[in-house]
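I have placed the structure first, in the form of structure tokens, so that the comments after it can refer back to it.
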Amino acid sequence: MAGEDIIMARPKELRYLHVIRKVLDKVLKQREASEILSLSLRQIRRIVKRVRAEGDKGVVHKSRGRDSNRRITEEVRNKAIQLYRSEYWDFGPTLASEKLRERQQVHVHDETLRRWLLESGDWKKRRKRRGHRRWRERKHHFGEMVQMDGSHHDWFEGRGPDCVLMGYIDDATGKVFGRFYEYEGTFPAMDSFKRYIGKSGIPIRVYLDRHTTYKSNAKVSIEDLVEEEVPLSQFERALKELGVEVVHAYSPQAKGRVERLFGTLQDRLVKEMRLRGIRTIPEANHFLTRYLPIYNRRFAVPPLKAHNLHRPLQRDLDLNSILCIKIKRTLRNDFTVAYRGKLYQVEEKTRVSKVTIREQIDGSMKMTYRNRALRFKEITTRPMKKAKAPLRGARKRPPIPSANHPWRKGFKSGSHKHERQDAIATLGSMGPLPTAFKGYSDVDSWEAKEEVMKEIGWTHSSDI
């Protein structure tokens, strides 16, 4: 048949055949062919012998078209796909292969599982379009720079309360530290940084975003201009006292290492906690103490230079006095201080104008002046002010009638009784009234009096 004359060969095998033909034609020696093809002399002799016996197909490998002796059985393949559909349906092939090996003892390479899932339609290729970004080299030393951020995500997948993961990743090694909190704010940032210091030491600098916890948005005051300072958030102020440089990023891509970390943990960590039924923040934090060392052993890389730049914590350094909220308040003449709607009595006699209020991470409060603690207590019951008695004989201002009051309706000049009496009195002051006007002083009708005035030659009172 025509198909029997066709030989399926690879480019490398065609190159072998071309050189072997030169050997058979006595153009090349076997030792020269060995050097050209980078094969041993023994292998060249074997290929020459097979080509003489079988023809051109002797150069093709004998395992071509045969199943591998290490091929995974169909039973294992079907079991892996069924477990993926039932338990790991939203896992990626890499993570799913790890869980199959850990939990069900099904040893399948991640790329093998990916190929099976693509063939069965349970996984689709995903391509991401990426914009152009400038590459930045990693820092050379461990502790030279740490990227820090908070990740808001449904970490418990509805099984528990909403929470935030405060994450840290070293720029040189990729080592990760993290802890869950109820919200992203000053106290969670300070508490997580305190725990990071206790584990690794004080880093040289911290790379942050422009969240109000990490960067103050207050306007520059006159005092700041005089002292040549800029407003700092409480967290910035604490890092400045610790000697840590703060660098703010202008975009999420600038601190891409911690952003990619959150993308990985939102996939892997969420599913790890799902498999263990974790539903509270304390349970999640306890799990992180076991999970993160395993994660770091697998994904962390050695630094370019071995020296560790984390500073050890000094024995005389009190972190609680630094990692806290510090606010200055005026000390009144009666040695009281008002703070957050409450009144506090200082129990020491001190001649100062302002004191410092410290809110600690554990919820307690301290009052200090130049790092010296002051005794104080909260005033729970304040004296009631007596209401002032109204002054006797005080004249009240009469109310002013509105524009539509009945008093303001229908009023015309000369129609009021007092105006009529004033007009008659004016006539009387001019001398004896004419005879025709006498006898009309008691007439109630003003119109009748006007008629009399016309008869005697007088006009309206306004003409008098």
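Quick rundown of the values:
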{"read-out": "Violating pairs (Cα-Cα greater than 24 angstrom) within the set K219/K326; K79/K271; K99/K194; K240/K354; K366/K386; K328/K377", "value": "K99/K194; K366/K386"}
{"read-out": "Those trypsin sites (Lys or Arg not before Pro) in segment 1-93 that DSSP places in a loop and that have at most 10 other beta carbons within 10 Å", "value": "K26, K62, R66, R70, R71"}
{"read-out": "Q345-A403 FRET efficiency (beta carbon distance; Förster radius 60 Å; 0.05 resolution)", "value": "0.60"}
{"read-out": "Summed side-chain charge close to L319 - residues other than L319 whose Cβ falls under 11 Å, Lys, Arg +1, Asp, Glu -1", "value": "-1"}
{"read-out": "Whether segment 74-120 is rounded, prolate or oblate, judged on the alpha carbon gyration tensor where a/c under 1.5 counts as rounded", "value": "rounded"}
{"read-out": "Qualifying trypsin sites (Lys or Arg not before Pro) for segment 149-192 [loop in DSSP, other Cβ within 10 Å: at most 16]", "value": "R159"}
{"read-out": "Neighbourhood net charge (9 Å Cβ-Cβ; Lys/Arg +1, Asp/Glu -1) for K255", "value": "-2"}
{"read-out": "Alpha-carbon centroids, segment 78-128 and segment 254-288: separation in whole Å", "value": "20 Å"}
{"read-out": "Trypsin sites (Lys or Arg not before Pro) restricted to DSSP loop in segment 284-391 with at most 16 other C-beta within 10 Å", "value": "K305, R315, R332, R340, K349, R351, R370, R375, K385, K386, K388"}
{"read-out": "Formal net charge of residues neighbouring L28 (Cβ-Cβ distance under 11 Å; K, R +1; D, E -1)", "value": "+2"}
{"read-out": "Amide H contacts under 5 Å for L208, placed H, 5+ residues apart", "value": "V247, H248, A249"}
{"read-out": "Mean separation of Cα contacts under 8 Å (6+ apart) over length of segment 130-203, as relative contact order %", "value": "27 percent"}
{"read-out": "Segment T73-M365, length gained on full extension (0.36 nm per residue, minus Cα span)", "value": "98.4 nm"}
{"read-out": "In nm, spacing of pseudo-spin labels at K354 and W135 (7 Å Cα→C-beta vector)", "value": "5.1 nm"}
{"read-out": "Farthest toward positive dipole pole in segment 139-248 [+1 Lys/Arg, -1 Asp/Glu at C-beta], among Y196, T186, T213", "value": "Y196"}
{"read-out": "Distance between modelled label sites at R64 and R127, nm, 7 Å Cα→Cβ extension", "value": "3.2 nm"}
{"read-out": "Amide hydrogen neighbours beyond the local backbone of I379, cut-off 5 Å, H modeled", "value": "L343, Y344, Q345"}
{"read-out": "Separation in nanometres of the label points that stand 7 Å from Cα toward Cβ, at L317 and T381", "value": "4.8 nm"}
{"read-out": "Rg to Rh quotient for segment 2-59, alpha carbon positions, Kirkwood Rh", "value": "0.98"}
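Read the figures in this text as sums done on the coordinates, not as results from a lab. Bear in mind that the values here come from a model prediction, so they are computed numbers and not experimental data. Note that each Cβ is placed from the backbone with ideal geometry, even for glycine, and that neighbours are counted across all protein chains shown.
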